[in-house]
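First comes the structure, then the notes that go with it.
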Amino acid sequence: MILVDTSVWIDYFNGIHNKHTDTLDSGIVQGIVAIGDLIFLEILQGIRDDRDYRMTEQTLLSLERFEMFGKGTSEKCAENYRALRKKGITIRKTTDVIIATFCIEQRMPLLFIDRNFIPFVDHLGLSSALRET
């Protein structure tokens, strides 16, 4: 099972072809793609057209879904943020800290384009779904 970040989904739904969207497409066919509730929210809130919203929602509802911010998650997120901060790395978005921490804790690879996740790979054990990110 792999979790796919919003950045990859956006490219995918916009018809952009790259190694990330190809991996997503392949993962959907194989049935190994999951989505987190936070990612689900980020994707849906960015859709303006009602018809596109309904189609995207139906597509995403067919995937295995995870609650990403359960009991104890806030502490783990704070610890990870602080660990990176001590190394001089500041993560810009709290949502990225939550997504990365969830994947680290669940030992679930993350498919991402957003470079905010690289420090989590380099320093905290986040597994990238692609060898090269």
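Bear in mind these aren't lab numbers, they're just calculated from the coordinates by the rules spelled out. Keep in mind it's a predicted model, so treat the numbers as computed, not measured. Methodologically, a virtual Cβ is constructed for each residue, glycine included, from the backbone with ideal geometry; neighbour enumeration extends over all protein chains shown.
When the stretch 2-124 is described by a simple charge dipole with +1 on each Lys and Arg Cβ and -1 on each Asp and Glu Cβ, the residue from Leu84, Gln106, Leu61 located farthest towards its positive end is Leu84. Placing pseudo-labels 7 Å out from each Cα toward the beta carbon at Phe13 and Glu79 gives an inter-label distance of 3.4 nm.
With R₀ set to 30 Å, the beta-carbon distance separating Val121 from Asp49 gives a calculated FRET efficiency near 0.30. Computed per residue of the chain from DSSP H runs no shorter than four, each worth -39500 (n - 2.57), the mean residue ellipticity at 222 nm is -17000 deg cm²/dmol. Once the C-beta distance of Leu61 and Lys87 is scaled by a Förster radius of 41 Å, the resulting FRET efficiency is 0.60 to the nearest 0.05.
Close amide H contacts of Gly36 (hydrogens built in the peptide plane, cut-off under 5 Å, sequence separation of 5 or more or a different chain): Val4, Phe66. As a rough footprinting exposure proxy, the listed residues His17, His123 were ranked by other beta carbons within 10 Å of their own, and the order from fewest upward is His17, His123. With the highest mean first, a sort of the peptides 39-48, 64-73, 100-109 on other beta-carbon atoms found within 10 angstrom per residue produces 100-109, 39-48, 64-73.
Taking Cα centre as origin and charging only the Cβ of basic (Lys, Arg, +1) and acidic (Asp, Glu, -1) residues, the dipole magnitude of the stretch 2-124 rounds to 560 debye. For the chain, relative contact order (Cα pairs under 8 Å, six or more residues apart, normalised by length) works out to 30 percent. Each residue of the stretch 25-32 is assigned a 3J(HN,Hα), and the resulting list reads 4, 5, x, 5, 4, 6, x, 10 Hz, derived from the Karplus form 6.51 cos²θ - 1.76 cosθ + 1.60 (θ = phi - 60°), x at Gly and Pro. Set the Cα radius of gyration of the chain against 2.2 N^0.38 Å, with N its number of residues, and you get 1.03.
In this rough spin-label picture, where each label sits 7 Å from Cα along the Cβ direction, the Leu41-Arg131 distance is 3.7 nm. Would you mind checking the stretch 87-118 for residues with the amide N under 18 Å from a putative spin-label position 7 Å along Cα→C-beta of Ile32? Residues 103-104, 106-113 fall inside that zone.
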